[in-house]
Amino acid sequence: MEPALNTRISDGTATVTIINPEKRNAMTVRMWRALPPLLERLAGDGAVRSLVLTGEGGTFCAGADIGSLRDAAGESQGLAVAAEEALAAFPGPTLAAIRGYCVGGGAQLAGACDLRFAEEGALFGVTPAKLGVVYPASATRRLVRLIGPSAAKYLLFSGELIDCARALRTGLVDEVLPEGELGKRVAEFTAVLASRSLVTQNAAKELADGAWDVPLREAEERSAYWAAQARESGDTAEGAAAFLERRAPRFTWPAG
């Protein structure tokens, strides 16, 4: 099977599947290059409000396809960083659905998602120390923010793989599901996301992602901007009415 990124859109969720089963879904140069424009198209698609990143079959992504990267003339890390940043910049909620190996560049992509759900038996690792390369600053910073300096250093220094229990304990994953239950849980959760206010979700994502970098005054200005957007969209009034009437809210979507 030719390595590829497959996309399916259903009920407001775009599912992007990494396909390279002969190499545990390792990302080739072509796949790294294809991901940012793919995400840009999905972000502009009115039928899409959330995104799930997963891998074909029993593994998420075992990192970069080292064989193909030898031909990338030193640009391999830049390609991975561009893909990571494009994923982090996706405006709606993003979720990594992880089975099997989530290693190296795979962990980099998973870390760029807002949430990570994993199936029991998944293994996680950040392995630049095994290759004699320096992990990108963007990915290092994101990993530290996600799991803290000590846990990040453990992964970066050793390159060792950790199991789901440790990943959950450190905050690397948000939920661990029994074998066979991951797909069902992801579908349930994205349905929950679809029932909530997209304006609120987009605002929360921007404010949470900028919490460490943006001065408080600027963050307050952005919060006020998003509050106005919520009012103008009708979501604020609908949320209050639904609460008082004891019914499920019917929020506007897509957000303007």
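Listed values, structure above:
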read-out	value
In the chain, lysine pairs with alpha-carbon atoms under 29 angstrom apart (chain gap of 8 or more, or interchain)	6
Within the stretch 158-177: backbone nitrogen closer than 13 Å to the Ser150 label point (7 Å, Cα to C-beta)	170
Rounded to 10°, Cα long-axis angle of helix 29-43 versus longest principal axis of the chain	0 degrees
Cα gyration tensor shape of the stretch 132-246, rounded if a/c is under 1.5, else prolate or oblate by comparing a/b with b/c	oblate
Ranked list, fewest to most other Cβ atoms within 10 Å of each Cβ, for Asp65, Asp11	Asp11, Asp65
Residue among Gly180, Gly58, Gly125 with the largest mean-square fluctuation in a Gaussian network model of the chain, springs linking Cα atoms under 10 Å	Gly180
Amide H partners (placed H, <5 Å) of Leu177, local residues excluded	Ala118, Glu119, Glu120
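Bear in mind that the values in this text are calculations on the coordinates, not laboratory data. As the structure is a prediction and not an experimental result, all values here were calculated from the model. Heads up, the Cβs are rebuilt from the backbone with ideal geometry, glycines too, and the neighbour counts pull from every protein chain shown.
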